[in-house]
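Working notes for the structure below.
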Amino acid sequence: MVRNRFMATEGSHDWYHIERVRNIALLLAEKEGGNKEVIELAALLHDLEDYKLKDHLAAVPTIHQWLKQEGVEKEIADKIITMIDEVSFKGSGVETRCSSLESMILQDADRLDAIGAIGIARAFAYGGKKGNPIFLPDEKPTLHTSFEDYKQNNGSTIQHFHEKLLHIKDRINTQTAKHLAKERHQFMETFLQQIFQELNLKKMELHDGE
Ligand code: NI
């Protein structure tokens, strides 16, 4: 059902994102514990309601309706709904609290897929879909700055790194995910250093040619 629903969505939130989140979540559960059935179901369903409102997708049942219709026990269904509420919270400055280990694992899995090489690819896919620029020349490409400094959004995808993606590693719950997040974070920093170097170089060349 989820695969069918996500067939027509663009790369930042497609079926393969769902599949990766499921796989990462199960890997984390292997190391950290938690109820795997609950984790897997919640991972598969976690983006469903965000997308049911999109015009290119047909109306879908709510997660609650679907779980009920499939005969999932009420206790498990309630837990899954709580986990999805917690993972999809979009508070900027406020940390999302997880009420269970399963919820922490799902949140970590979704966040891991937002950083590293895949996170970069997804960010530009999403920015492209929204029609956002890759980079704006007036932006200040400082890597280590406070969130507040960069809160004013002028819409480029590079800006999104400062607003969100570079903060993710500090908001990971489990030790296993922290370890994975560290490498992915470092790769994003390398990417940003390189792109700024290239952009500045080009600017210098243009300047010299004037
Ligand atoms: Ni997601």
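You can think of it this way: the chain between residue 167 and residue 135 has 9.6 nm of extra reach, that is 0.36 nm per residue less the Cα-Cα gap. Whole-Hz Karplus values for region 171-185 come out as 10, 8, 8, 9, 4, 4, 5, 4, 4, 5, 5, 4, 5, 5, 5 Hz, taken residue by residue from phi with 6.51 cos²θ - 1.76 cosθ + 1.60 and θ = phi - 60°; glycine and proline positions read x. Each label point was placed 7 Å from the Cα along the Cα-to-Cβ direction; for residue 99 and residue 7 their separation is 3.6 nm. Taking θ as phi - 60° and the Karplus parameters 6.51, -1.76 and 1.60, the scalar couplings of region 11-21 work out to x, 6, 9, 9, 4, 5, 5, 4, 5, 5, 4 Hz in sequence order, x denoting glycine and proline. Take residue 64: with every protein chain present and a 1.4 Å probe, its accessible area is about 100 Å². Between residue 190 and residue 27, the simple label model (points 7 Å from Cα in the Cβ direction) yields a spacing of 1.7 nm.
Taking a sphere under 9 Å around the Cβ of residue 100 and counting the other residues whose Cβ falls inside, with K and R at +1 and D and E at -1, yields a net charge of -1.
Please list 15, 66 from largest to smallest accessible area, probe radius 1.4 Å, with all protein chains kept in place. All intermediate terms of the calculation are to be shown ahead of the outcome.
On the way: 15 20, 66 45 Å².
Output order, biggest surface exposure first: 66, 15.
The values are calculated or read from the model by the stated rules, or taken from the named source; none is laboratory data. Everything numeric here is computed off the predicted structure, so don't read it as measured data. Glycine gets a Cβ as well: all are built from the backbone with ideal geometry, and neighbour counts include every protein chain shown. SASA here: full protein model, heavy atoms, side chains in, ligands and nucleic acids out. Shrake-Rupley method; radii C 1.70, N 1.55, O 1.52, S 1.80 Å.
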